[in-house]
Amino acid sequence: MAQAIIIRILPVFRPFMLTAHAPAGYITARLLIRLKPPHMPTWQWSLIGITGGLLPDVDMLWFYFIDHGHVHHHRYLTHWPVLWLTLLLITFCYYHYRRNAAAAILLLTAVNGCVHICLDSIVGDIYWLLPWHDSAYSFFTVTARFQPWWLNFILHWTFLLELGLWLWAGILYNRTRRL
């Protein structure tokens, strides 16, 4: 029973291993450290940044367990740029007028949602004009040449950008640990 559950859940986490959303969330949290509430530990701020960077991919749960992969998860509302840009505008205004811990956390989360969508736009089809226009956009296309599917992404030159984000996050982490 437990093995069947693990086998069913494991694919949900597969995209997190292939993308640099977690380190990008960490980097963004470190770049926006001035917004951190004074009483909040830095590790907690960083964890919120990482969570915000992964948040748009919560739709993977629906993709695997409800939809069974019939509709690409970038078509779901959590990957609509208009959602994240609207949240960014609202949270920016809220932070501008309130400057409290909740406003800072919401702003960091919205910024990282936007960063996630931008990163997905490098090689993933993002529907930038939904709900008004149904066209996918990406900067580069990864050609399907290898099996399993994830080899196509790892062997594509854009994976170096992801490795660069991991390296940058690692450097930031080591630098802040020494302080």
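The values are calculated or read from the model by the stated rules, or taken from the named source; none is laboratory data. Not measured: the values here are computed from a predicted model. Glycine gets a Cβ as well: all are built from the backbone with ideal geometry, and neighbour counts include every protein chain shown. Just so you know, the surface numbers come from the protein's heavy atoms only, side chains and all, with ligands and any DNA or RNA stripped out. Shrake-Rupley method; radii C 1.70, N 1.55, O 1.52, S 1.80 Å.
Seen against the Cα atoms of the chain and their longest principal axis, helix 2-18 is set at about 70 degrees. Angle between the Cα long axis of helix 81-98 and the longest principal axis of the chain, 0 to 90 degrees, nearest 10? That helix lies at roughly 10 degrees to the long axis.
Measure off, as a whole percent, the carbon and sulfur share of the 1.4 Å-probe accessible area of the stretch 20-172, all protein chains present. Ligands and nucleic acids excluded, carbon and sulfur reach 72 percent.
Per 5 Å bin, what is the whole-percent P(r) computed from every C-alpha pair distance within the stretch 109-179? All Cα pairs, binned at 5 Å, distribute as 3, 14, 15, 20, 18, 14, 8, 5, 2, 1 percent. Taking the centroid of alpha carbons for each part, the stretch 27-104 and the stretch 108-157 are 17 Å apart.
Between 0 and 90 degrees, the angle of helix 101-123 with respect to the longest Cα principal axis of the chain falls at about 30 degrees.
Restricting the trypsin sites (Lys or Arg not before Pro) of the stretch 72-179 to loop positions (DSSP other than H, G, I, E, B) with no more than 10 neighbouring Cβ atoms within 10 Å leaves Arg145. The fraction of Cα-Cα pairs per 10 angstrom bin, counted from 0 for the stretch 140-179, comes to 28, 34, 22, 13, 3 percent, rounded to whole percents.
Relative contact order for the chain: what percent, with Cα pairs under 8 Å and sequence separation of 6 or more? The normalised contact order for the chain reaches 25 percent. Counting every C-alpha pair in the stretch 20-172, the share spaced more than 28 angstrom apart comes to 24%.
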